[in-house]
Every structure is written in C-alpha cells, then in structure tokens.
C-alpha cells in the first residue's frame with residue numbers, strides 16, 4: 001500500500017533525525033532535485049548524497065509543524081538545530097516553506113528556503129566561519145570548494161566541525 005505524503009514526510013524527517021545516510025537516501029528518486037534557496041541546488045540522487053552526508057554529520061534534530069498536503073506535495077515548517085549552529089550560539093533555524101514532492105513513494109523534489117530571521121543568523125555565522133577559515137587555514141578553505149562551489153560531503157563536514165571548534169577556542 002502506498003504511503004500518504006504525510007506519512008512519507010514524517011518517516012523522512014524521522015530518518016534524518018537518526019542521521020542514517022543510507023536510510024535517508026532510500027527516500028530519494030534517482031532524478032531528485034534539491035534546492036535550498038540562495039545556498040545550494042543539487043540535481044540527482046548522487047548529488048544529494050553529499051548534502052545528506054553533510055547534514056548527518058552535523059547531528060541535526062528536525063521538527064516539523066504547520067503541515068499542508070497538496071496532490072503530490074507536502075508543505076511544512078521545518079525547524080533544525082545542529083552541532084555547528086549550537087557552537088555558533090544559534091539555537092535553531094527555520095525553513096519555511098519546506099516542500100517535498102512525491103511520485104511513486106519517492107521524493108522527486110525538495111525545495112526550501114530560510115525564514116528571514118534564520119537566513120540572517122545563518123549567513124552571519126557562515127560568513128564569520130568561512131572568513132576565519134580563509135584567514136587562518138587557507139589550504140583548508142581551498143579544499144572546501146570545487147569549481148567555486150562548496151563541497152558538501154562527510155569529509156568536509158568533519159573538517160568544518162573541527163575548525164568551528166577551533167574557532168570557538170580562539171574566539172573566547
């Protein structure tokens with residue numbers, strides 16, 4: 001029996017909260033498109049794997065609310081807290097709207113954007129860290145980018161967290 005979009009959304013978020021990359025990946029259609037407005041755009045399951053690995057390494061907790069179901073789309077408000085945000089003094093960020101489009105029990109599209117206040121907090125934290133890394137670890141900064149695009153993956157996530165922790169020690 002096919003899952004409802006509501007069930008799929010809840011199962012997907014639950015999987016993301018367990019940080020199990022392979023489990024998360026099984027929700028994606030091969031031709032998935034993913035977009036976080038102004039931050040990244042990914043086409044295909046392979047491209048989404050790097051973002052999924054990055055997110056899992058940040059030890060996130062996601063909470064959904066205000067869910068609306070349309071034909072093939074589930075829309076909600078998604079609140080995320082994660083390790084690097086906490087290290088930067090940010091309790092949580094809000095994605096609104098967070099939309100998934102479903103076909104044949106697979107997610108074919110994820111489209112989201114930050115709520116305005118969350119974007120400001122995120123952008124300030126991101127700029128602070130990326131500028132500090134560029135100044136203090138230029139070789140590492142260069143390794144974060146491939147063709148001028150940030151390389152989201154498990155390896156860069158681990159390195160990012162290590163550098164954020166180092167930044168915190170020097171910022172005290």
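Observations, loosely collected:
- Residue ID - nearest to residue 169 (Cα to Cα), chosen from residues in segment 80-91 that are in contact (Cβ under 8 Å) with a residue 60 or more places away in the chain and not in a loop (DSSP other than H, G, I, E, B): 87
- Of the residues making up segment 87-116, those that are surrounded by 15 or more Cβ atoms within 10 Å (Cβ to Cβ), within 21 Å of residue 160 (Cα to Cα) and over 14 Å from the mean Cα position of the chain (by Cα) are 87, 88, 90.
- Selection of strands (runs of 3 or more DSSP E) fully inside segment 1-79 by the criterion of at least 3 residues being under 17 Å from residue 112 (Cβ atoms) and touching a residue at least 40 places away in the same chain (Cβ under 8 Å) returns 28-36, 61-69.
- Taken over segment 146-166, the criterion of being crowded, with 17+ Cβ neighbours inside 10 Å, in contact (Cβ under 8 Å) with a residue 40 or more places away in the chain and in a helix (DSSP H, G or I) is satisfied by 156, 157, 160, 161, 164.
- Residues that are surrounded by 13 or more Cβ atoms within 10 Å (Cβ to Cβ) and either free of Cβ contacts under 8 Å to residues at least 40 places away in the same chain or outside any helix (DSSP H, G or I) (or both), drawn from segment 125-145: 126, 130, 132, 133, 134, 136, 137, 140, 141, 143, 144
- Qualifying residue in segment 96-116 (condition: in a helix (DSSP H, G or I) and either in contact with a helix residue (DSSP H, G or I) (Cβ under 7 Å, 6 or more places away or on another chain) or closer than 20 Å to residue 17 by Cα (or both)): no
- Screening the candidates 41, 70 for the property of being over 12 Å from the mean Cα position of the chain (by Cα) and surrounded by fewer than 16 Cβ atoms within 10 Å (Cβ to Cβ) yields one hit, 70.
- Some residue of segment 51-64 being surrounded by 13 or more Cβ atoms within 10 Å (Cβ to Cβ), under 27 Å from residue 125 (Cα atoms), at pLDDT 95 or above and more than 12 Å from the chain's Cα centre (by Cα): yes
The values are calculated or read from the model by the stated rules, or taken from the named source; none is laboratory data. Computed from a predicted model, the values in this text were never measured in an experiment. Counting neighbours? That spans all protein chains shown, and the Cβs are built from the backbone with ideal geometry, glycine included.
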